[in-house]
Amino acid sequence: IQPTGDSPLGIYYMQNNGDNDICIYNNGTTDVSGAISLPSLTLGYCLIFAAIILALLGIAWFIFKKSEIRVWITRAVLLPVSYMIGHFTICGFATVTFSLMYDFPIIVFVSLLIYCALLLAYNIYLLRKEIREASGK
């Protein structure tokens, strides 16, 4: 890779622990050491977005108390809940990441697995409730 113009070319190894980046190659005349890669805050925004969606679905759940749509709202509530559980499973309480392209797909994958498990548990609960009501009559 050739640098363009008079700018020096520097290749850095980015550490994932928050320490300074390590200069691997530098062909420029100036010392450009001490560069730091800033972490991405995108996962925090995704977590806030999931909390807002959860709050809106919770409000809709209370508004449609006697409607058939409440079952669908309950299923939709499980989506942001599963994302939050997946985020805390993968990243803990940290919302910063140095590798968003690695962390976010894993969080989404784990969230889908958790969503399937929660949806299965909810359907088993509904089925057992229906069986109890049928045998109690």
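Simple spin-label model, 7 Å along Cα-to-Cβ: A55 to Y125 in nm?
Reported label-point gap for A55 and Y125 is 2.3 nm.
Please tell me the relative contact order of segment 56-112 in percent, rounded to the nearest whole number, where contacts are Cα pairs under 8 Å and at least six residues apart.
35
Read the figures in this text as sums done on the coordinates, not as results from a lab. Being a predicted model, the structure only gives us computed values, none of them experimental. Neighbour counts are summed over all protein chains in view; Cβ atoms, including those assigned to glycine, are modelled from backbone coordinates with ideal geometry.
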